[in-house]
Amino acid sequence: MPGGAAPRPATARAHPNIALIKYWGKRDEALQLPATGSLSLTLGIAPTTTTVTPDGSLAADAGLLGGEPMSATELGRVSRFLDLVRARAAAAAGADPADLPRARVDSVNEIPTGAGLASSASGFAALTLAAAAAYGLPLTGAQASALARRGSGSACRSIFGSLVEWLPGAGAEDAASHAVPLPDSGVRLALVVAVLSPGRKKIDSREAMRRTVATSPSFPAWVESTPRELAAMKEAIAAADLPRIGELAESNALRMHATMLGAIPPVRYFAPATIAALDLVERLRAEGLGAWATMDAGPNVKVLCAPADAEAVAAAVRGAFPGIDVLVSGHGPGARLTSPAGGGA
Ligand code: DP6
């Protein structure tokens, strides 16, 4: 390809993130621009590892997820994302995107896919770095983050490690809406993930978000109040004030669910076990353990606490829900290229 490196296989790894101030709703569907900013913790567990292998013999992109062929929907999303990477790589190299080969994508999630555990975040963050390296597209961290956003909004935050803010940007500007790592205030958090239901969710977050934006009378209030909560969360993080971080995260998550419960028809991810887990967290607090709940687009509950309390919280969750998977995580790293060596955001 004129002026560019020949396409070659590349592998990247990224971790999921859990939002403490949620992203829920877009202001621009095509560009995946969010209605508000958000803030998350990149986890140290359950990474996605993705290899992109450009192959001139392929008539179309092909994809495996956990060793199985991707569904048509999954492959469509991946292939549209690869088209974007190929278009940018070709533009950077002064080449024709049609001359770039299609690719095989092999992605492995060490976490149940589609269960509200943010596998699309780690998936598109890993795909961004692997695809950019495969097609020779150089990216800064901010550029990688803005590009990952086009695959899945929350993926822009998994480009960076630890505590991360997603800047919403303004208007229809693509490049300004990306994540940035927060300054390290020394605060250390743990998340205990109660996998109450590992199955695929009833309605995916993209469709649920769309319905909320289009029909929920609470959505404008969500957009209006989220920037204040985000500012309060940044202050609490800067002050390393765990109880305040916990209170803000729990109320923000419940408010997100209230907003989607107001959609027509309602979007309800709560299961009976979800309510039982929220009760448990309240009980732990009443007993003096610093524990706060958050939830995403699924029935699972994640409990925020100090790292020193994580084992006690996990033991309480296991005791209340015998036999379920309980994952414990602290702060994890940003996405990085693992092959060829020497890359990363
Ligand atoms: C509830 O990033 O999966 O986890 O941008 O449509 O791909 P798309 O949505 P996605 O939504 C995540 C929503 C959330 C909250 C959050 O992570 O901030």
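The values are calculated or read from the model by the stated rules, or taken from the named source; none is laboratory data. All values reported here derive from a predicted model rather than from experimental measurement. Note that we place each Cβ from the backbone using ideal geometry, even for glycine, and neighbour counts take in every protein chain shown.
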Being buried (at least 21 other Cβ atoms within 10 Å of the Cβ), within 16 Å of the ligand (Cβ to nearest atom), among the aliphatic types (A, V, I, L, M) and under 20 Å from Val303 (Cα atoms), is that true of even one residue in the range 170-188? no
Expected single match for outside the structural domain of Gly161 (by TED's automatic domain parsing) and either away from the ligand (no atom under 16 Å from the Cβ) or aliphatic (A, V, I, L, M) (or both) among Ala14, Ala19, Ala5, Ala46 is Ala5
Being in contact with a helix residue (DSSP H, G or I) (Cβ under 9 Å, 6 or more places away or on another chain) and touching a residue at least 12 places away in the same chain (Cβ under 8 Å) narrows Ser162, Ser145 down to just Ser145
Residue set Leu64, Leu82, Leu39; condition touching a strand residue (DSSP E or B) at 6+ places or on another chain (Cβ under 8 Å), part of a strand (DSSP E or B) and within 30 Å of Ala170 (Cα to Cα); output residue Leu39
Would you check if Ala277 is closer than 30 Å to Leu31 by Cα and crowded, with 21+ Cβ neighbours inside 10 Å? no
| request: Would you check if Leu196 is in the same structural domain as Met233 (by TED's automatic domain parsing) and surrounded by 21 or more Cβ atoms within 10 Å (Cβ to Cβ)? | output: yes
Filtering the range 193-209 down to residues that are within 11 Å of the ligand (Cβ to nearest atom) and touching a strand residue (DSSP E or B) at 6+ places or on another chain (Cβ under 8 Å) yields Met209
Residue pairs qualifying under the 8 Å Cβ cut-off, at least six apart or on distinct chains, with the first in the range 196-207 being assigned to a helix (DSSP H, G or I) and the second being surrounded by 16 or more Cβ atoms within 10 Å (Cβ to Cβ), are Ser205/Gly116; Ser205/Ser120; Ser205/Asp296; Ser205/Ala297
Say whether the condition of being of a type outside the set (Ser, Thr, Tyr), assigned to a helix (DSSP H, G or I) and out of contact with any Asp or Glu (no Cβ under 9 Å at 6 or more places or on another chain) is met by at least one residue in the range 295-308.
yes
- Task: Looking only at the range 138-145, decide whether some residue is β-branched (Val, Ile, Thr) and crowded, with 24+ Cβ neighbours inside 10 Å.
- Result: no
